[in-house]
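The values are calculated or read from the model by the stated rules, or taken from the named source; none is laboratory data. Everything quoted here is computed from the prediction, not taken from an experiment. Please note: Cβ atoms are built from the backbone with ideal geometry, for glycine as well, and neighbour counts cover all protein chains shown. All accessible areas refer to the heavy atoms of the entire protein, side chains included, with ligands and DNA or RNA removed. Shrake-Rupley method; radii C 1.70, N 1.55, O 1.52, S 1.80 Å.
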Amino acid sequence: MDIKILQKMKRVIVILIMSLCYSLGFAQNINIQTITENEYHLLKEQQIDNALDTLLSIKEENDFIYIPLDNGFLTLMNDTLEEHLADLIIHKCLGFSDAFNVYVMDVTKFTHNETWFIDKSNGNIVKALRFYCCSDKYIVSYDIPECDRYVGINIYRKTKNGLEKMYCIKPDWFIENMFCIGENVFVAEARTLSITENLFFKIVL
């Protein structure tokens with residue numbers, strides 16, 4: 001085989017190995033510990049309530065929602081016409097998160113539900129999974145197996161430029177309930193995908 005081809009192959013292999021090592025190292029920053037049900041309930045007494053501010057002035061007119069930003073408004077349109085069922089989209093504002101400076105929207109689509117985080121400073125939208133739990137620094141977004149659809153868990157962190165996705169993982173279990181007990185510590189009750197079995201985890205980011 002030509003020496004140049006061999007050298008190119010070696011470079012590609014080295015890059016692939018480096019990428020794999022980086023990915024594995026990045027994933028290893030998540031520490032998922034199995035805990036007992038008793039520990040789960042004890043930790044639940046320490047949960048931190050990061051409630052949303054629901055005293056908002058969100059203008060809704062006909063099928064339009066106007067989200068106030070630092071400079072102007074973001075306009076969202078609800079499409080609820082039956083003849084356009086595949087394009088169905090309904091936005092509902094759940095409240096405002098002071099910790100992340102975002103509006104939290106529950107978004108219903110024809111095939112699934114999502115949670116949107118809309119940055120108040122610039123209107124940027126981060127589209128996340130249906131359910132979420134947050135500390136004052138991280139957001140853990142997750143879904144459940146539904147209609148053969150299951151994404152897993154997405155984790156975001158707060159940065160000076162807004163929300164940034166850190167991890168995407170798809171374990172062989174799914175979260176049923178989750179709460180936060182610290183800036184980077186989350187506790188979850190979960191079930192396996194294959195059999196009905198309760199699992200309990202402490203997730204340290």
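Below, the figures for the structure above:
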read-out	value
Residue satisfying condition, being part of a strand (DSSP E or B), charged (D, E, K, R) and modelled with pLDDT under 95, within set GLU60, GLU114, GLU83	GLU60
Members of region 134-161 that are closer than 19 Å to ASN184 by Cβ and without any contact (Cβ under 8 Å) to a residue 60 or more places away in the chain	LYS137, ILE139, SER141, TYR142, ILE153, ASN154, TYR156, ARG157, LYS158, THR159, LYS160
Number of the exception - PHE179 against (1) in contact with a helix residue (DSSP H, G or I) (Cβ under 9 Å, 6 or more places away or on another chain); (2) open to solvent by 60 Å² or more (accessible area, probe 1.4 Å)	(2)
Any hit, region 186-197, residues being of a type in the set (Lys, Arg), open to solvent by 30 Å² or more (accessible area, probe 1.4 Å) and part of a loop (DSSP other than H, G, I, E, B)	no
Pairs where the first residue, in region 183-205, is without any contact (Cβ under 8 Å) to a residue 12 or more places away in the chain and the second is among the basic types (Lys, Arg) and open to solvent by 20 Å² or more (accessible area, probe 1.4 Å), C-beta under 9 Å, 6+ apart	GLU197/ARG191
Residues located in region 117-132, provided they are among the hydrophobic types (A, V, I, L, M, F, W, C) and either closer than 15 Å to GLU164 by Cα or modelled with pLDDT under 95 (or both)	PHE117, ILE118, ILE125, VAL126, ALA128, LEU129
Matching entry among LYS127, LYS160, LYS165, LYS137 (being out of contact with any Lys or Arg (no Cβ under 8 Å at 6 or more places or on another chain), more than 28 Å from ASN78 (Cα to Cα) and open to solvent by 60 Å² or more (accessible area, probe 1.4 Å))	LYS160
Selection within region 86-111 - open to solvent by 40 Å² or more (accessible area, probe 1.4 Å), among the hydrophobic types (A, V, I, L, M, F, W, C) and modelled with pLDDT under 90	ALA86, PHE110
Close pairs (6 angstrom Cβ cut-off, 6 or more residues apart or separate chains): at positive phi in region 94-109, open to solvent by less than 10 Å² (accessible area, probe 1.4 Å) anywhere	GLY95/VAL104
Residue within region 63-77 that is of a type in the set (S, T, N, Q) and touching a strand residue (DSSP E or B) at 6+ places or on another chain (Cβ under 6 Å) present	yes
Selection count, region 139-161, where residues are over 25 Å from ASN101 (Cβ atoms) and not in a loop (DSSP other than H, G, I, E, B)	2
